[in-house]
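First up is the structure itself, then whatever we jot down about it.
Please treat every number below as a calculation from the coordinates, not as lab data. Predicted model only: the values in this text are computed from it and were never measured. Here the Cβ is made from the backbone with ideal geometry for all residues, glycine too, and neighbour counts use every protein chain on show.
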Ligand SMILES: [Mn+2]
């Protein structure tokens with residue numbers, strides 16, 4: 001994957017690390033997927049589609065790229081699922097400490113174990129808003145706890161996990177699930193107030209982990225484990241707009257784009273989703289000439305990860 005290019009073909013002026021408010025970290029990882037392979041090609045397809053996208057957002061009347069979007073080198077650590085998670089954790093945390101709005105593009109969902117861990121160490125009372133077809137609550141799967149089927153097991157233990165769009169799970173996950181904070185697709189379709197209830201279930205600081213298989217396969221077929229009965233575009237945009245308006249969204253990741261060269265609209269959907277989320281985040285914010293690259297949280301207390309794994 002080319003790393004010399006800027007995100008969406010924006011000029012260097014809006015892509016330099018120091019001046020950028022937003023960081024985009026590609027994580028082309030597909031080590032543990034069980035069915036459709038190819039999530040490692042997701043970031044490349046997403047970036048290519050982004051280059052062909054118009055950068056003025058009509059709805060928010062903004063050009064969010066002018067806030068600065070710095071595209072980092074991809075995280076390619078794949079010697080083991082655990083090593084990948086640790087790399088994502090460390091790199092994400094480094095950029096949060098530089099006061100950046102950190103975003104990641106996967107890769108399969110196991111990358112989120114690392115991103116969630118980093119955000120949870122940096123923000124108080126974190127809610128993880130998981131938008132996904134699958135519960136992903138297993139403690140371990142196929143011999144590792146860093147499998148994509150385990151993406152939010154740790155988040156469920158350590159954060160306020162709120163799950164939206166769920167329509168596929170194992171019965172064992174029922175024992176781990178907080179049904180007050182789980183919004184099943186079949187219930188959402190019958191409840192016009194579901195988004196208000198999701199908002200109520202969340203704390204102020206919110207990290208969004210967006211698995212693209214949350215969308216209906218009719219609009220998002222290029223994903224590893226598609227499930228019928230998913231979210232459509234405008235209801236998702238309306239919901240996200242509400243989340244960004246009502247809460248302090250501190251970062252997000254988007255995962256599980258499994259590109260198919262004969263079906264490019266999924267790549268464009270992912271590109272547009274990413275840009276929409278940034279547009280909602282920064283709607284109404286001035287574009288600063290200078291940017292303060294320091295973070296206003298005391299890091300001394302959290303320099304040692306509380307998740308260091310010394311079991312093996
Ligand atoms: Mn999923």
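On a per residue basis, the convex hull of the C-alpha atoms belonging to the stretch 101-232 measures out at 112 Å³. Considering only beta bridges that DSSP places wholly inside the chain, some 10 percent are antiparallel. Convex hull over the alpha-carbon atoms of the stretch 188-266: what's its volume per residue in Å³? Residue-normalised Cα hull volume stands at 98 Å³.
Mean residue ellipticity at 222 nm, helices only, the chain: -8500 deg cm²/dmol; runs of at least 4 DSSP H residues each add -39,500 (n - 2.57), and the sum is divided by the number of residues. If you look at the Cα atoms of the stretch 29-123, you get an Rg and a Dmax of 15.0, 44 Å. Put one equal scatterer on each alpha carbon of the chain, apply the Debye formula with no solvent term, and list log10 I(q)/I(0) at q = 0.15, 0.16 1/Å to two decimals. Evaluating at q = 0.15, 0.16 Å⁻¹ gives log10 I(q)/I(0) of -1.24, -1.46. Scoring 167-174, 128-135, 21-28 by mean Cβ neighbours within 10 Å over their residues and listing the highest first yields 128-135, 21-28, 167-174.
Structural descriptor for the stretch 7-288: relative contact order 23 percent, calculated from alpha carbon pairs under 8 angstrom and at least 6 residues apart.
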